[in-house]
Amino acid sequence: VMLITAAGVLGVVMRYVLGHPLAWTDKAAEYLIPVIVMLCAADILAKDENISIDIVIRALHLRLRRLFNCLKELALLIVSLALLISGASMVSFARYLGLYDSGNMGWPLWMLELSIPIGALLMVLAVAINLVIALATLRNR
């Protein structure tokens, strides 16, 4: 995040203060934001810090709360798997067609899109672990 901020500040200073814009600062943010988002999403799921309706969940009986947690993890697993499949398909398609970034860097598009299936795979792993833990706690009385 600090790297993107620094690149943005440098880009603004170079463009508006010194009058010499740098083309790569905008592209750096464009390339790094999806990487950060996908890694943070996996981290949030691994720590089980995703958004939930706490006031409703806390009102439930313990057994029902555990069941709800299992259902939540199952739903997250399905969404993460869908994102993994979609991201892998997107990368495969871009690689098959030989697509390149339209910017001045000219990187293969599939390389830039890799953060989506990699992040989704990390999300699947994190949610699968959380689901196993949730199922184990469901068995406990």
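The values are calculated or read from the model by the stated rules, or taken from the named source; none is laboratory data. Because the structure is predicted, anything quoted here is derived from the model rather than measured. Heads up, the Cβs are rebuilt from the backbone with ideal geometry, glycines too, and the neighbour counts pull from every protein chain shown. For accessibility, only protein heavy atoms count, side chains too; no ligands or nucleic acids. Shrake-Rupley method; radii C 1.70, N 1.55, O 1.52, S 1.80 Å.
Computing the accessible area with a 1.4 Å probe over protein heavy atoms, can you report the carbon and sulfur percentage for the range 37-141?
70
Along the Cα→Cβ direction, 7 angstrom out, place labels at Val1 and Leu62. What is the inter-label distance in nm?
Those two pseudo-labels are separated by 3.6 nm.
Along the Cα→Cβ direction, 7 angstrom out, place labels at Val79 and Arg139. What is the inter-label distance in nm?
Going from the Val79 label point to the Arg139 one covers 2.8 nm.
Share of Cα-Cα pairs in the range 68-141 beyond 19 Å, in percent?
48
Can you give me the accessible area per residue for the range 6-141, using a 1.4 Å probe, in Å²?
Normalised by residue count, the accessible surface of the range 6-141 is 67 Å².
Taking amide H atoms as placed 1.01 Å from N in the peptide plane, list the residues 5 or more away in sequence, or in a different chain, whose amide H sits under 5 Å from that of Tyr100.
For Tyr100, the qualifying residues are Leu109.
So if I place +1 on the C-beta of Lys and Arg and -1 on the C-beta of Asp and Glu, and nothing else carries charge, what would the dipole magnitude of the chain be about its Cα centre? I want it in debye, nearest 20.
700
Which residues among the range 15-44 fall inside the zone where the amide N is under 15 Å from a point 7 Å beyond the Cα of Leu97, along Cα→Cβ?
It comes to no residues whatsoever.
Using only Cα atoms, tell me the angle between helix 115-139 and the longest principal axis of the chain; keep it within 0 to 90° and round to the nearest 10.
The answer is roughly 10 degrees.
Describe numerically, in nm with one decimal, the distance between label points set 7 Å from Cα along Cα→Cβ at Leu18 and at Ile53.
Computed distance between label sites Leu18 and Ile53 equals 5.3 nm.
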